[in-house]
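I have placed the structure first, in the form of structure tokens, so that the comments after it can refer back to it.
The values are calculated or read from the model by the stated rules, or taken from the named source; none is laboratory data. In this text, all values refer to a predicted model and were calculated from it rather than measured experimentally. As a convention, Cβ positions derive from the backbone with ideal geometry for all residues, glycine included, and neighbour counts pool all protein chains shown. Just the protein is used for accessible areas: all its heavy atoms, side chains included, with ligands, DNA and RNA removed. Shrake-Rupley method; radii C 1.70, N 1.55, O 1.52, S 1.80 Å.
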Amino acid sequence: MTTSTPRLPEALMVLRDRLATAPLGLATPARDDAVRAARSVADQIDDYLLPRLLDLDAPLLTVIGGSTGAGKSTLVNSLVGAPVTTAGVLRPTTRAPVLVCSRADAGSFSGDRVLPGLARVTGGDGGPGTVQLVVRDDVPAGLAVLDAPDVDSVVASNRDLAGQLLAAADLWVFVTTAARYADAVPWDLLRTAEERGTALAVVLDRVPPEAAAEITADLAGMLERSGLAAARLFVIEERPLTEGRLPEDQVAPLRSWLHGLAADQEQRAAVVRQTLGGALDSLQERTAVVAAAVDEQLAVAGALHDAAAAAYDAARDGIDEGVRSGSLLRGEVLARWQEFVGTGEWMRTLQNRVGWVRDRVAAALTGRPAPAESLQGALESSVEQLLRAEADRAAERTVTAWRSLPAGPALLAGDERELAGVSPDFPEAAAAQVRDWQGTVLDLVRSEGADKRSRARLLSWGVNGAGAVVMVAVFAQTGGLTGGEVAVAGGTTAVGQRVLEAVFGDAAVRALAERARADLDDRAETLLAYEQDRFDDRIAAAAPLPPAADELRAAARALAGIRRA
């Protein structure tokens, strides 16, 4: 190993940090299992692997674990020979776990060397989030015993803590009973011990004396078939308790074995090496579960984004169709266009500026806007309605699609009704964009009429009139109209366009309409992109960045490489 190769603790810390920040925010099928796996590995690194690597000669931590009512606390009291932990009368028991060690080893467990996330208390039960530390002169140096919560507790926090404590152990002493040794939960934990190479002893408690041989043989066969033949098996017969403790002849074999490990440094080191090595060797496979879930997160995020993108692409197509088809020239717009062109008022204003003045004076006296302004107002309203209708449909399509996709309902959460339509500020934003577009069209007309010849003709009937014709020219295709509408809209648009061509020239009129159309497209795109961002932002807040899974796998591979070296 070269001097530049990271040490094993450093590689563990990198992996721990990667797991702690694994992006698992989307409610995918594998998310919950992956969150538990990531937390389990990160906790084991902090609670056991780092402390043990940094102090290989520290006392052996033996965790007594098992099912509800299996007799764990009674066993601990019997091993110690004193009432150091209280058996739970009411279930579930929520008291703090109890760690018993010798006075000589108190320094190894009173700080945060192991289980740094759990505060130490002495002299009584500290409650959730703590470990009760009991120091005894009659416990041999080199051994600590920890009474853990029930692995099958109905309280999730108890189950989680039991799993965390077992993962922090050098040695598991797993307690089950003659009535429950075949239950699923104990065997799930025993299989975990086998997968991680954890040093293990099994205590079969409350065995009827007359059935001891038969039940012991059955359990031994199950352990062997599960790859746990090396586990030490201790049998405790059902006998009356003495002062709340097991008969001495029943507990003595287990106590002697544990005290022997404490006294024999070589045997103790062998147990530590087995559990430490097994835990290290299990990390790459356990991390792979998390990395696969992050990959799933990325795939689901892509599907959610694609659903939103498809809905808003359809909205863009809908707006494009609405503009090109001429359907915007219906109703109020068509009426105002007829008023503007069909009655001949506009043609007369082209021939005589007096007409333009007359229109302005009439508008001032009657309170009615001039025909060009009425037309622009009708167009503004019609375009706004088109934009809102398509944006509404896109939002509804996205919500509908997300309801059927993994993680979609959770992302919608309680905002489904709000997200199924346009955002609250959309109407105002759309109105502003359309008004700005109309202003841009008028600016284009002014710019095009800047030369002296065009300016003279343009001023003879006004920028608003020419601008209105350009706006209508943007919607000049009449595929959305029928019968007389086509005749009126198409015919009068042609009249207006011919007049504009006389002022600016054929090429200039086409360029004006194309630039006006492109500007409207850009504004519609801005509005729809803003609306789609409401959905994409929700994905981005929960979904991983593409390198996340690769970084997890790389950290696990680096650790495995150092381990092999």
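Would you check if VAL135 is among the β-branched types (Val, Ile, Thr), over 17 Å from SER73 (Cα atoms) and either part of a strand (DSSP E or B) or open to solvent by less than 30 Å² (accessible area, probe 1.4 Å) (or both)?
no
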Assess whether ASP425 counts as being out of contact with any strand residue (DSSP E or B) (no Cβ under 9 Å at 6 or more places or on another chain), under 28 Å from ALA516 (Cβ atoms) and without any contact (Cβ under 8 Å) to a residue 12 or more places away in the chain.
yes
Residue hits (segment 542-565; open to solvent by less than 40 Å² (accessible area, probe 1.4 Å) and hydrophobic (A, V, I, L, M, F, W, C)) are ALA542, ALA543, ALA548, ALA549, LEU552, ALA555, ALA556, LEU559, ALA560, ILE562
When you check ALA292 against the structure, is it among the hydrophobic types (A, V, I, L, M, F, W, C) and either buried (at least 19 other Cβ atoms within 10 Å of the Cβ) or at pLDDT below 95 (or both), yes or no?
no
As an exercise: evaluate GLY439 against (1) loosely packed, with under 13 Cβ neighbours inside 10 Å; (2) outside any helix (DSSP H, G or I) and give the number of the one condition it does not meet.
(2)
Filter segment 46-73 down to the residues that are over 17 Å from PHE234 (Cβ atoms), in contact (Cβ under 8 Å) with a residue 60 or more places away in the chain and within 37 Å of the chain's Cα centre (by Cα) and list them by number.
ASP46, ASP47, TYR48, LEU49, PRO51, ARG52, LEU53, LEU61, THR68
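If you check GLU194, GLU248, GLU214, GLU210, which single one turns out to be out of contact with any strand residue (DSSP E or B) (no Cβ under 7 Å at 6 or more places or on another chain) and under 23 Å from ASP152 (Cα atoms)?
Of the residues listed, the single one that is out of contact with any strand residue (DSSP E or B) (no Cβ under 7 Å at 6 or more places or on another chain) and under 23 Å from ASP152 (Cα atoms) is GLU194.
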Scan of segment 156-179 for residues that are open to solvent by less than 10 Å² (accessible area, probe 1.4 Å) and not in a strand (DSSP E or B), ordered by number
ALA162, LEU165, LEU166, ALA167, ALA168, ALA169, ASP170
Can ALA96 be described as farther than 21 Å from LEU258 by Cβ and either open to solvent by less than 20 Å² (accessible area, probe 1.4 Å) or over 37 Å from the mean Cα position of the chain (by Cα) (or both)?
yes
Answer with yes or no whether LEU15 is out of contact with any helix residue (DSSP H, G or I) (no Cβ under 7 Å at 6 or more places or on another chain), of a type in the set (A, V, I, L, M, F, W, C) and crowded, with 22+ Cβ neighbours inside 10 Å.
no
Which of the residues spanning segment 423-436 are open to solvent by 20 Å² or more (accessible area, probe 1.4 Å) and either within 22 Å of ALA540 (Cβ to Cβ) or of a type in the set (S, T, N, Q) (or both)?
PRO424, ASP425, ALA429, GLN433
Screening ARG239, ARG196, ARG206 for residues that are touching a helix residue (DSSP H, G or I) at 6+ places or on another chain (Cβ under 6 Å) and among the basic types (Lys, Arg) leaves only ARG196
Filter result for GLY124 (surrounded by fewer than 21 Cβ atoms within 10 Å (Cβ to Cβ), small (Gly, Ala, Ser) and over 20 Å from PRO51 (Cβ atoms)):
yes
Which residues, counting only those in segment 376-400, are within 15 Å of GLU418 (Cα to Cα) and among the hydroxyl-bearing types (Ser, Thr, Tyr)?
THR398, THR400
Restricting attention to segment 500-523, does a residue exist that is closer than 30 Å to GLU285 by Cα and modelled with pLDDT of 85 or more?
no
Members of segment 51-78 that are open to solvent by 20 Å² or more (accessible area, probe 1.4 Å) and in a helix (DSSP H, G or I):
LEU53, LEU54, THR74
Of everything in segment 274-286, what is of a type outside the set (A, V, I, L, M) and surrounded by 14 or more Cβ atoms within 10 Å (Cβ to Cβ)? Give them in sequence order.
GLN274, THR275, GLY278, ASP281, SER282, GLN284, ARG286
Any chance segment 23-37 includes a residue that's in a helix (DSSP H, G or I), open to solvent by 10 Å² or more (accessible area, probe 1.4 Å) and over 30 Å from ARG538 (Cα atoms)?
no
Can you pull out the residues in segment 529-541 that are among the hydrophobic types (A, V, I, L, M, F, W, C) and either surrounded by fewer than 21 Cβ atoms within 10 Å (Cβ to Cβ) or over 25 Å from THR21 (Cβ atoms) (or both)?
ALA529, ALA540, ALA541
Looking at (1) open to solvent by less than 40 Å² (accessible area, probe 1.4 Å); (2) farther than 28 Å from ARG206 by Cα; (3) of a type in the set (Gly, Ala, Ser); (4) part of a loop (DSSP other than H, G, I, E, B), which is the one condition that is false for ALA106?
(4)
Could you say which residue among ALA199, ALA182, ALA229 is touching a residue at least 40 places away in the same chain (Cβ under 8 Å) and open to solvent by 50 Å² or more (accessible area, probe 1.4 Å)?
ALA182
Filter segment 551-565 down to residues that are touching a residue at least 60 places away in the same chain (Cβ under 8 Å) and within 19 Å of VAL290 (Cα to Cα), then give me how many there are.
9
